[in-house]
Amino acid sequence: GTAVRRFLGPLLCLLALRLPAGSGAAGPGLDVASYRERVRAMFYHAYEHYLESAFPYDELRPLTCDGQDTWGSFSLTLIDALDTLLILGNVSEFQRVVSVLQEGVDFDIDVNASVFETNIRVVGGLLSAHLLSRKAGLEVEAGWPCSGPLLRMAEEAARKLLPAFQTPTGMPYGTVNLLHGVNPGETPVTCTAGIGTFIVEFATLSHLTGDPVFEDVARKALKALWKNRSDIGLVGNHIDVITAKWVAQDAGIGAGVDSYFEYLVKGAILLQDKELMSMFLEYNKAIKNYTKFDDWYLWVQMYKGTVSMPVFQSLEAYWPGLQSLIGDVDNAMRTFLNYYTVWKQFGGLPEFYNIPQGYTVDKREGYPLRPELIESAMYLYRATRDPTLLELGRDAVESIEKISKVDCGFATIKDLRDHRLDNRMESFFLAETIKYLYLLFDPDNFIHNDGSDFDVVVTPYGECVLNAGGYIFNTEAHPIDPAALHCCRKRKEEQWEVEDLMREFYSRKKTKKFTLKRAPDHGEGKNAKDSKDASSEKAGEKRNSKKSSHSLLSCPSQSFNSKLAVLGQVFLDNT
């Protein structure tokens, strides 16, 4: 308990750390304002070509100047880029896009979608835009932030994912059909991240809508992973969600596992939840004991702790940023500097880097413009103001512009050795890479608010404070205002407290004829647990079963992720 309190205290301070005006000009020769404007120009070069050549498809194909659907058929780049528009200060385009999305996006479609990707990109993007709507000058409903069109869209998308969670373990399938639910014959094997990356979005949904089902399924999935960790405290890469047997037993911090650890920390901060933080701190001990070597992190066998792959994956570069959130800044910087040496070697991070050989791994030489190292630089710069972190930002701008920029946008780098390109621009380039770069170079952005500015909003549940800072980024870099989670439940909790006091008073008087009926369950929160009884749990079950007709999705199986070691076969030729 003490350790958890020690960590929880400084977390929001780190997140809300604000630099004095003008302090961006750290380091001679690095003009922060100039790089900020170059990042802005990069955004519009990509965004405008998406609108011209690819919309309404999910993604831009920058080499052929056309579009393709990838993760569903949601105009995904538009949803993913929405909050970036506001962070860049473009209020009018934010308003226009909100209107376009309300008219044009339909989740009632016969599409097999990744539960994980739909949650982080679509649900996360819509929730963030919903919570930023008022700041963007949109006229909001009287009940906002507890109601609103973008919140309804986020809830509709999330309900389509609920059928995936109806398994004996509570761990979700990786893929769901948005119209029909989980397909018969769907594989029950899901990656760890595809099970443990829901609490940020789903708890936010539950707190805003009053329906506890979302937070409940997310927590159940998190706890199932915790329960199935190995005796030495590690989790593997893929698990069977029906039998809870580990199929891929590689333990590490990268692909297939990454955002599970991230969401234990971010969920703990968002919900001020000591249990989630203590889970992470236990994992952190095991990770240090078994996978950390000279400030690198390797892959090990989850039961024995023996090294299975001495590789660094580009997805692991989020880890220093996560370490900074728990106050472990010194270790974070040492690991960051290791990763930065790889960037400098190639002008980007290859998907896999063989640490002993100091070179790329066959078929994993690409860099799809990922954000993770830039994300860590942003967090660490808030914490340390070390100018080395701005230099990474500079290097990222220079190399992405030099290698990846084409007439129609920015193309994925297929091979960092010879700079061959691929005909794809992932939506996370605008959602994450550009956003973290911009925030690194913009110390006075509203996202970095230290609490000195805030808005007071009147809701049906009383007054509430918003936009005071401390934003929690989901794993697709969509910022969630933690204060919003307290806007839509206060009155209900007070009502329960009053009812419980009255119930106690009447029972003491032994006047049984007064039986107070609890109001319908519209609020959910950890402080309300004691006042809930079995009937409200049954109501939640009923709600869940009522939605069982909706379809769900499964774990992300992305072409650029390696199939991790199963029975010793680490790299398969057909991937």
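The values are calculated or read from the model by the stated rules, or taken from the named source; none is laboratory data. Because the structure is a prediction, the values reported are computed rather than measured. Cβ sites come from the backbone with ideal geometry, for glycine too, and all protein chains shown count toward neighbours. Please note that ligands, DNA and RNA were not included when accessible areas were found on the heavy atoms of the full protein model with its side chains. Shrake-Rupley method; radii C 1.70, N 1.55, O 1.52, S 1.80 Å.
What are the residues whose amide H is under 5 Å from the amide H of ASP66, where those residues sit 5 or more places off or on another chain and H is modelled from the backbone?
ARG61
Which far-off residues, 5 or more places away or on another chain, put their amide H under 5 Å from the one on ASP415, with H placed in the peptide plane?
Correct list: TYR367, ARG420.
Size of the dipole of the range 312-448 about the Cα centre, Lys and Arg at +1 and Asp and Glu at -1 on the beta carbon, nothing else charged, in debye to 20?
Using only the charged Cβ atoms, the result is roughly 160 debye.
By average Cβ neighbour count within 10 Å, what is the ranking of 43-50, 304-311 from highest down? Intermediate results must be reported in sequence, preceding the final value.
Details: 43-50: 20.0, 304-311: 16.9.
Those peptides, ordered most packed to least, come out 43-50, 304-311.
Please compute the modelled spin-label separation between ASP240 and LYS220, points set 7 Å along Cα→Cβ, answer in nm with one decimal.
Each label point is offset 7 Å from its Cα along the Cβ direction, giving 2.1 nm.
Starting from the amide H of ILE480, placed 1.01 Å from N in the peptide plane, find each other amide H under 5 Å away whose residue is 5 or more places distant or on another chain.
The list, which skips near neighbours in sequence, is ILE472, PHE473, ASN474.
Assuming R0 = 22 Å, what is the FRET efficiency of ARG334 and GLN272, from their Cβ-Cβ distance, to the nearest 0.05?
Efficiency for this residue pair is about 0.15.
Taking R0 as 56 Å, what FRET efficiency do you get between VAL456 and GLN357 from their Cβ-Cβ distance, rounded to the nearest 0.05? If you can, show how the numbers build up before the last one.
Working: r = 58 Å, r/R0 = 1.03.
With R0 = 56 Å, the Cβ-Cβ based efficiency is 0.45.
Over all distinct alpha-carbon pairs, what is the Kirkwood Rh of the range 156-242 in angstrom?
On the way: mean 1/r = 0.0752 Å⁻¹.
It works out to 13.3 Å.
Mind listing the phi-derived Karplus ³J(HN,Hα) values for the range 332-340, rounded to whole Hz, using 6.51, -1.76 and 1.60 with θ = phi - 60°, and x for any glycine or proline?
Computed from phi, the couplings for the range 332-340 are 4, 5, 4, 5, 4, 5, 4, 5, 5 Hz.
Could you run the Karplus curve 6.51 cos²θ - 1.76 cosθ + 1.60 with θ = phi - 60° over the range 104-116 and give me ³J(HN,Hα) per residue in whole Hz, x for Gly and Pro?
Listing the rounded values in order: x, 9, 10, 9, 8, 10, 7, 9, 7, 10, 6, 4, 4 Hz.
For the range 230-237, take each phi angle, set θ = phi - 60°, evaluate the Karplus expression 6.51 cos²θ - 1.76 cosθ + 1.60, and give the result in whole Hz per residue in order, putting x for glycine and proline.
6, 4, 8, x, 10, 10, x, 9
Rounded to the nearest whole Å², what accessible area per residue is found for the range 312-448 with the 1.4 Å probe? The partial results should precede the final answer.
Numbers: 3790 Å² over 137 residues.
Computed with neighbouring chains in place, this is 28 Å² per residue.
Using 0.36 nm per residue, how much length does the chain from LYS344 to PHE293 gain when fully extended, once their Cα-Cα distance is taken away?
So the extension gain works out to 16.3 nm.
Please express the shape of the range 90-154 as an equivalent ellipsoid: the semi-axes are the square roots of 5 times the eigenvalues of the C-alpha gyration tensor, given largest first in whole angstrom.
For the range 90-154, the ellipsoid semi-axes come out as 22, 13, 11 Å.
What do you get for Rg/Rh of the range 248-302 when both radii come from the Cα atoms and Rh is the Kirkwood radius? Provide the component values of the computation, followed by the final result.
Working: Rg = 11.9 Å, Rh = 11.8 Å.
Rg/Rh for the range 248-302 comes to 1.01.
Just how far, in whole angstrom, is the range 177-253 from the range 295-309 if you go by their alpha carbon centroids?
After rounding, the separation between the Cα centres reads 22 Å.
Using only alpha-carbon positions, what ratio does the radius of gyration of the range 312-448 give when scaled by 2.2 N^0.38 Å?
Here the answer is 1.01, to two decimals.
Would you rank ASP58, ASP108 by solvent-accessible area, highest first, keeping every protein chain in place and using a 1.4 Å probe?
ASP108, ASP58
For q = 0.09, 0.11, 0.15 Å⁻¹, what log10 I(q)/I(0) does the range 96-226 give under the Debye formula with an equal point scatterer on each alpha carbon and no solvent?
The computed values of log10 I(q)/I(0) come out as -0.26, -0.39, -0.69.
Could you pull out the pairs from LYS227/LYS292; LYS223/LYS285; LYS292/LYS363; LYS363/LYS414 whose alpha carbons sit more than 21 Å apart here?
LYS227/LYS292; LYS292/LYS363, as the Cα separations exceed 21 Å there.
Given a 1.4 angstrom probe, I'd like the percentage of the accessible area of the range 377-442 that is carbon and sulfur, rounded to a whole number.
39 percent
Leaving out ligands and nucleic acids, and using a 1.4 Å probe, what accessible area per residue does the range 130-228 come to in Å²? It would help to have the intermediate numbers written out before the result.
On the way: 2880 Å² over 99 residues.
It amounts to 29 Å² per residue over the range 130-228.
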